[in-house]
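Have a look at the structure below, then the notes.
The values are calculated or read from the model by the stated rules, or taken from the named source; none is laboratory data. The model shown is predicted, which means the values in this text are computed figures rather than measured ones. Here Cβ is always computed from backbone atoms with ideal geometry, including for glycine, and neighbour counts include all displayed protein chains.
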Amino acid sequence: MASYNTPFEIHVHGQVLLRPEVGFDQLQEALKPLWKYAGARSLADGSHSHYEDEPGIRFDAQEQLLQLCWTVIGGEDFRQSLDEMCMNLNELSQAGAAIEVTFYDTEFDEDEAEPDAQSRDDFMMLFVGPNPAAIMQVQRDLLVQDMISLMERHFDASELAGVVGEIDRLFSQRFDSLVNSLELGKPPRGSGGGHGGGGHGGGRKPRHLH
């Protein structure tokens, strides 16, 4: 349970496309770190947000889409629940996805705070996906969007191809380094290792990573 000595309003926001065979029971187990932290006994009970005007946690079975717009009151220990949730969703996801998490300091009052006092507000971006390539693809796409949005204030979009190319090169290098590290951990061929080099699908590069 949360530590209410240092309360935050913690908002979790994002969408995750799930594999076609994933059902409610699997999703409920994957999201157990969230609804259990909120003090609920099931996903149905814990899916409601702290704020009534937020959709909460929803599963669109027709689209196989998990939708998160959910706020819980908690502390720093909620980060462990987030780590567990991401590990669980990796196993169920069909594609890479980003999840935004914002910690709002409920005890900080800017008008009444001392001049040198600082809020404990924090923001973090989490990524889930069926393999490292899918996760890196989402990271790459978000970075390209941010860079173009920033630089279009000064340059035409047609002038930014080189910037996008450099981002792709950097992500390609990171991906190759990851693949090489996975290769080093594989047993020699013919050794009967049985696992085939891991379940992260490292052989395929993300789109755009040439």
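Per this entry, residue 35 is counted among residues that are buried (at least 19 other Cβ atoms within 10 Å of the Cβ) and free of Cβ contacts under 8 Å to residues at least 40 places away in the same chain. Restricting attention to the range 70-88, the residues that are touching a residue at least 24 places away in the same chain (Cβ under 8 Å), over 20 Å from residue 7 (Cβ atoms) and either of a type in the set (A, V, I, L, M, F, W, C) or in a loop (DSSP other than H, G, I, E, B) (or both) add up to 2. Just to be sure, is residue 40 in a helix (DSSP H, G or I), more than 15 Å from residue 88 (Cβ to Cβ) and out of contact with any Lys or Arg (no Cβ under 9 Å at 6 or more places or on another chain)? Judged against the criteria, residue 40 is not a match. Listed conditions (1) modelled with pLDDT under 85; (2) farther than 29 Å from residue 82 by Cβ are all met by residue 207, apart from (2).
Say whether the condition of being surrounded by fewer than 17 Cβ atoms within 10 Å (Cβ to Cβ), aliphatic (A, V, I, L, M), under 25 Å from residue 83 (Cα atoms) and at pLDDT 75 or above is met by at least one residue in the range 168-189. No.
If you go through the range 94-105 and pick out every residue that is surrounded by 15 or more Cβ atoms within 10 Å (Cβ to Cβ) and either over 16 Å from residue 14 (Cα atoms) or within 11 Å of the chain's Cα centre (by Cα) (or both), you end up with 7. Condition test on residue 54, is it over 27 Å from residue 105 (Cβ atoms), at pLDDT 95 or above and charged (D, E, K, R)? Answer is no for this residue. Answer yes or no: is there a residue in the range 136-157 that is touching a Ser or Thr at 6+ places or on another chain (Cβ under 8 Å) and at pLDDT 65 or above. Checked against the condition, which is being touching a Ser or Thr at 6+ places or on another chain (Cβ under 8 Å) and at pLDDT 65 or above, the range 136-157 yields no hits at all. Looking at residue 37, is it of a type in the set (Ser, Thr, Tyr) and farther than 14 Å from residue 81 by Cβ? Judged against the criteria, residue 37 is not a match. Looking only at the range 38-58, which residues are touching a helix residue (DSSP H, G or I) at 6+ places or on another chain (Cβ under 6 Å) and buried (at least 20 other Cβ atoms within 10 Å of the Cβ)? Answer for the range 38-58, where residues must be touching a helix residue (DSSP H, G or I) at 6+ places or on another chain (Cβ under 6 Å) and buried (at least 20 other Cβ atoms within 10 Å of the Cβ): 38, 43, 46. Only a single item in (1) surrounded by 16 or more Cβ atoms within 10 Å (Cβ to Cβ); (2) among the aromatic types (Phe, Trp, Tyr); (3) farther than 22 Å from residue 125 by Cβ is not met by residue 8, and it is number (3).
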